[in-house]
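**Q** The structure's right below; bear with me while I get my questions together.
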Amino acid sequence: MKRTLFVAAMLFSLMGLVAQSGLYTKPADYFGFEPGSDRNLFTYEQLIGYLQELDKESPRVKLEEIGTSPMGRPMYIAFISSEENVNNLDTLKVINRELALNAKLGKAKLEKMTSVGKVFVLATLSMHSGEVGPSQSAPLIAYDLATTTDKKKLEWLDNMVYMMVPCHNPDGMNMIVENYKKHVGTKYEGASLPQVYHKYVGHDNNRDFVILTQADNRAISRIYSQIWFPQVLVEKHQMGSTGTRYFVPPNHDPVAENVPAGVFHWGGIFGQHMATDMTAEGLAGVSQHYLFDDYWPGSTETCIWKNVIGFLTEAASTQTATPIFIEPTELSVHGKGLSEYKKSINMLLPWEGGWWHLGDIVEYEVVSTMSIIKTASLYREDILNFRNRMCRDQVEKGRTEAPYYYIMPEHQHDVGELVNLVNLMKEHGVEVYELTEELVLEGKLFKSGDVVIPLAQPYRAFIKEVMETQEFPERHYTPGGELIKPYDITSWSLPLHRYVTSHEIDTRSKELEGKLSLIDGEYDLSNPIDMEVHAMVLPVASNESFRAVFKALEEGLRVERLNVDVELKAEKFEHGSFIVYYDSRKKSGWDAVLDEVPFQPGLISNKRALNADPLEMPRIALVETYFHDMDAGWTRYLFDTYHIPFTVLHPDQFPETSLAGKFDVIIIPDTDKSILMTGKRKSGDSYYMGSYHPDYIKGMDKKGFENLMTFSDKGGIVIAWGRSTNLFEGILKIKGKDSEEEFQLPFRDISSNLAKDGLYVPGSLVKVNVLEDHPLTLGMPGSIGVFSRGRPVFRTSVPIFDMDRRVIGTYPEKDVLMSGYSAKDEKMGNRAAMIWMKKGKGQFVFYGFNPQFRASTQASYKLLFNAILLDKYTF
């Protein structure tokens, strides 16, 4: 025993000597500067390179690849713990999984696992790439933990494993760093990046954790949903510059009511320790119960819906890596929890103003991270026990409290979206089943093949959140007083957003549970084709048909669109459905199209003549501004994944581009009219400058807009939604060589008047009744849910001269809200939500909602796809 203690002491001493002798690479030596120093930033590759060095040098660090970014960069996670824990990660992973998912864990086994298990803390850094501090602090945190001889820190590392994703958004990190370095030392130092800091979605990447469209988010989600099952997760962010210096939990109201109370309590414990430890270190301006709510899933990556103790931190920002001076008179707070920038229970040590450096952010990050690690160590057994208790509680709740199941019939209006929903739930770690026999439950007949999601699962809260209709928990600052407004959107119901029929079952059925078969692997309703095929027919009701058709056009296959209803082998294909013809010279293309179809297409074995029109892909311009244009980025994502070719057109390119000669369709996603026209934001009657380099503070101006009107006059189609539709209100002009025509499209946006009357829609799913049998609504049901912020709302008028209009979608008079929250939504009743207009040869399609909102509103996709193909139809 004495010899063991002596050897341990010697090893401990040697570790200290190794660290002191410089055998571990210090961050400053590797990067050539101290991380956090003014005007210095390293790139993603340099960050990973340094952690790879530590991995080689230190037995406490292990780096693993976890996936790839949307632009193909490898993503990593760094495990940092004691050498023993790092060597024992595979065993600890099994313990984590058992605690998270095994609701039948016996008392003895649970006691053994909690006695030897470790708390895993997952930290995701700088998902919003302009928030550089967390990733820039990563080398300092890793080096400290890898080399420390501090007995307390070594004890922490014995009790926990720190799982650091050093950069959640590698592509965006490099964009920000390169842009900053481009301008550092010039008058435009600190200029904003003139694009989204991501391949597609920019700041919206944390709004993607329900839908999981982005590769980097899927990699992160798999860590806590399917592979490592950490007990704690923290997101590291930054916020504005002139408010509090730092935010730690607890968050403010409202909260997600499906989440167990203990998850929020534990977040508060971590937050209170951070506030205490940071204040003890003299770090002023730490706030709690401020600004950020825990209702929407963006701040915790949906992990709190899966029994993970999840929270975020937010640091005040600099101008990237350039320090700023904040006058005391400029300090202010707003929103929930703090009304005055004064000492209060939610900010006990206010920061007094002065210089604020990147190094300050890094210091706050280091201290807060050490506090999280200390707290995880301090409560090790309690946290491990809590994780399994949550698993047991949620499974028991699913067995004893309604609802018990969600059942989705195999037969759907859009069966492809059923397939996508099932596979998404499986990606989230949810078990999904099929019925093996028919049965009657709650007066409904369910058939073999119908999909069942039982709620007696560890992730019950997640299942309920994403499958039910959202009802925003109304909370007020005082009884009957002002509503505590939501931080972001209020609806994410997967069945409603996708128009998938789902039945919430409030009766437990042992008969049903005996007729379930687990869906293993990828869910797909297609079958091998064992016949000679001349063509396939794809139903217009399915979004996946459009995806396959756009792929077929990309592959050069012949495609036609039915202009009448057709019946094939007792299956009806409606007007607007597609015919894709087989071409033996392009078999690989044909196979690629089949791969896009997750259901059985109609098959034609002979050269049967069908009433159909040839289909060609139009030439599309997609307008994207330089102002972190996330809505345009989401549109690019949608088009790329649906094989829709397009050219990005910036507003300042309009004046010199031959629009009519190059494009058939111009699409303008949701953005301010003032940005499109001038490159500047407008508030009231005043314009104000942004933080962009002057090269990017440009709009289309008068000449560019005249060019857009010429494009329309020559037969072009303009598609716009949201605020962009304001471009086309009022008196417009078409300039010819020798003439000028003034006209006014027969519509206007009345949403500002409705808002004055009390209409408030913060981001919800509202009902729209759709005009039947119209080229823009082919494949659509009679009504759907669309994502709305209550603007714009259209009023049309009787057209004159060579103009026409049709109202394509209308809000109903009653029951407008489908999911989320709204106030006085009856003001929208019987108003136009989507309109088509014609002026001469030109056509305009305007939406009062975002048809592709964050790639999460599949029910309205076809309204956009049909508009893209509109030029083949006449009225």
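**Q** Of the accessible area of segment 441-576, with the probe set at 1.4 angstrom, what percent is carbon plus sulfur?
**A** 43 percent
**Q** Rounded to the nearest 20 Debye, what is the dipole magnitude of segment 118-197 about its Cα centre when Lys and Arg each give +1 and Asp and Glu each give -1 at the C-beta?
**A** With only Lys, Arg, Asp and Glu charged at Cβ, the dipole is about 80 debye.
**Q** Determine the relative contact order of segment 109-188: mean sequence separation of Cα pairs under 8 Å and six or more apart, normalised by residue count, in whole percent.
**A** Computed over segment 109-188, the figure is 45 percent.
**Q** Let me ask something additional. Averaged per residue, what accessible area in Å² does the chain show with a 1.4 Å probe, protein chains only?
**A** Per-residue value: 39 Å².
**Q** So how far, in whole Å, is the C-alpha centre of segment 135-177 from the one of segment 66-93?
**A** Result: 12 Å between the Cα centres.
**Q** Can you compute the charge dipole magnitude of segment 404-525 about its Cα centre, using +1 on each Lys and Arg Cβ and -1 on each Asp and Glu Cβ, nothing else charged? Give it in debye, rounded to the nearest 20.
**A** Dipole size: approximately 320 debye.
**Q** I'd like the orientation of helix 415-427 relative to the chain: the angle between its Cα long axis and the longest Cα principal axis, in ° from 0 to 90, rounded to 10.
**A** Long axis of 415-427 versus the principal axis of the chain: about 0 degrees.
**Q** What is the Cα centroid distance between segment 655-718 and segment 190-242, reported in whole angstrom?
**A** 30 Å
**Q** Further question on the same structure: What number results when the radius of gyration of the chain, computed over Cα atoms, is divided by 2.2 N^0.38 Å?
**A** Normalised Cα radius of gyration, the chain: 1.00.
**Q** What residue among Leu312, Gly271, His198 has its Cα farthest toward the positive end of the dipole of segment 192-314, where the charges are +1 on Lys, Arg and -1 on Asp, Glu, each on the Cβ?
**A** His198
**Q** Pairing the Cα long axis of helix 261-280 with the longest principal axis of the chain, what angle in degrees results, from 0 to 90 and rounded to the nearest 10?
**A** Its long axis makes an angle of about 60 degrees.
**Q** Now, a different point. Select from Ser686, Val559, Gly398 the residue farthest towards the positive end of the dipole of the chain; place +1 on Cβ of Lys and Arg, -1 on Cβ of Asp and Glu, and compute about the Cα centre.
**A** Final value for the positive-end residue is Ser686.
**Q** Output ³J(HN,Hα) for segment 821-837: one whole-Hz value per residue in order, computed from phi by the Karplus curve 6.51 cos²θ - 1.76 cosθ + 1.60 with θ = phi - 60°, and x for Gly and Pro.
**A** 8, 7, 10, 6, 5, 4, 5, 7, x, 6, 9, 7, 9, 8, 9, 10, 9
**Q** Sticking with this one: Compute the Cα gyration tensor for segment 500-656, then decide on rounded, prolate or oblate, letting a ≥ b ≥ c be the square roots of its eigenvalues: rounded whenever a/c is under 1.5, prolate when a/b is larger than b/c in the other cases, and oblate in all that remain.
**A** Numbers: a/c = 2.19, a/b = 1.22, b/c = 1.79.
Here segment 500-656 falls in the oblate category.
**Q** What is the percent of Cα-Cα separations in segment 619-729 that go past 19 Å? Don't skip to the answer; put the middle values down first.
**A** Values: 2555 of 6105 pairs.
Percentage above 19 Å: 42.
**Q** Roughly how tilted is helix 543-554, in degrees to the nearest 10 and between 0 and 90, from the longest Cα axis of the chain?
**A** With rounding to tens, the tilt is 80 degrees.
**Q** Report ³J(HN,Hα) in whole Hz for each residue of segment 759-766, in order, from the Karplus equation J = 6.51 cos²θ - 1.76 cosθ + 1.60 where θ = phi - 60°; Gly and Pro get x.
**A** Here the 3J(HN,Hα) series is 5, 9, 10, x, x, 9, 9, 10 Hz.
**Q** Here's another thing I want to ask about it. With a 10 Å radius around each residue's Cβ, average the other Cβ atoms per peptide and rank 523-533, 434-444, 327-337, 648-658, highest first.
**A** 648-658, 327-337, 434-444, 523-533
**Q** Per the helix-only calculation at 222 nm, which mean residue ellipticity applies to the chain, given -39500 (n - 2.57) for every DSSP H run of n ≥ 4 and division by its residues, nearest 500 deg cm²/dmol?
**A** -9500 deg cm²/dmol
**Q** Out of Ala541, Pro249, Tyr44, whose Cα points farthest toward the positive end of the dipole of the chain (charges: +1 Lys, Arg; -1 Asp, Glu; placed on Cβ)?
**A** Working it through, the farthest residue towards the positive pole turns out to be Pro249.
**Q** For segment 401-483, what's the relative contact order in percent, using C-alpha pairs closer than 8 Å and at least 6 residues apart?
**A** 30 percent
**Q** Which entries in the list Lys93/Lys426; Lys682/Lys767; Lys153/Lys236; Lys682/Lys841 go over 29 Å, if you measure between the two C-alpha atoms of each? If you can, show how the numbers build up before the last one.
**A** Working: Lys93/Lys426 20 Å; Lys682/Lys767 31 Å; Lys153/Lys236 21 Å; Lys682/Lys841 33 Å.
From Lys93/Lys426; Lys682/Lys767; Lys153/Lys236; Lys682/Lys841, over 29 Å: Lys682/Lys767; Lys682/Lys841.
**Q** Roll a 1.4 angstrom probe over the protein heavy atoms and tell me the percent of accessible area of segment 307-418 that is carbon or sulfur. Kindly include the intermediate steps, with their values, before the conclusion.
**A** Numbers: 2120 of 4310 Å².
Ligands and nucleic acids excluded, carbon and sulfur give 49 percent.
**Q** Roughly how many debye, to the nearest 20, is the charge dipole of the chain about its Cα centre, given +1 on each Lys and Arg Cβ, -1 on each Asp and Glu Cβ, and no other charges?
**A** Computed about the Cα centre, the dipole is about 380 debye.
**Q** Highest mean first, what order results for 270-277, 258-265 on Cβ atoms within 10 Å? Walk me through the numbers before you get to the answer.
**A** Values: 270-277: 21.5, 258-265: 16.9.
Taking the mean over residues of other Cβ atoms within 10 Å, the ranking is 270-277, 258-265.
**Q** Just tell me which aspartates and glutamates come within less than 19 Å, Cα to Cα, of Lys735; anything on the same chain fewer than 8 places away is out.
**A** Counting by Cα, and skipping residues close in sequence, Lys735 has these aspartates and glutamates nearby: Glu656, Asp701, Glu706, Asp713, Asp802.
**Q** Also, quick follow-up: In whole Hz and in residue order, list the ³J(HN,Hα) couplings for segment 332-347 that follow from phi through the Karplus curve 6.51 cos²θ - 1.76 cosθ + 1.60, θ = phi - 60°; x for Gly and Pro.
**A** Result, rounded to whole Hz: 7, 10, 7, x, 7, x, 9, 9, 10, 7, 9, 4, 7, 4, 8, 7.
**Q** Which whole-number percentage describes the relative contact order of segment 713-870, with Cα contacts under 8 Å and a sequence gap of 6 or more?
**A** 30 percent
**Q** Whenever you get a sec, compute what percent of the accessible area on segment 220-266 sits on carbon and sulfur atoms (1.4 Å probe).
**A** The computed percentage sits at 53.
The values are calculated or read from the model by the stated rules, or taken from the named source; none is laboratory data. Everything numeric in this text was worked out from a predicted model, so none of it was measured. Using ideal geometry, Cβ is built from the backbone for each residue, glycine included, and neighbour counts are taken over all protein chains shown. Just the protein is used for accessible areas: all its heavy atoms, side chains included, with ligands, DNA and RNA removed. Shrake-Rupley method; radii C 1.70, N 1.55, O 1.52, S 1.80 Å.
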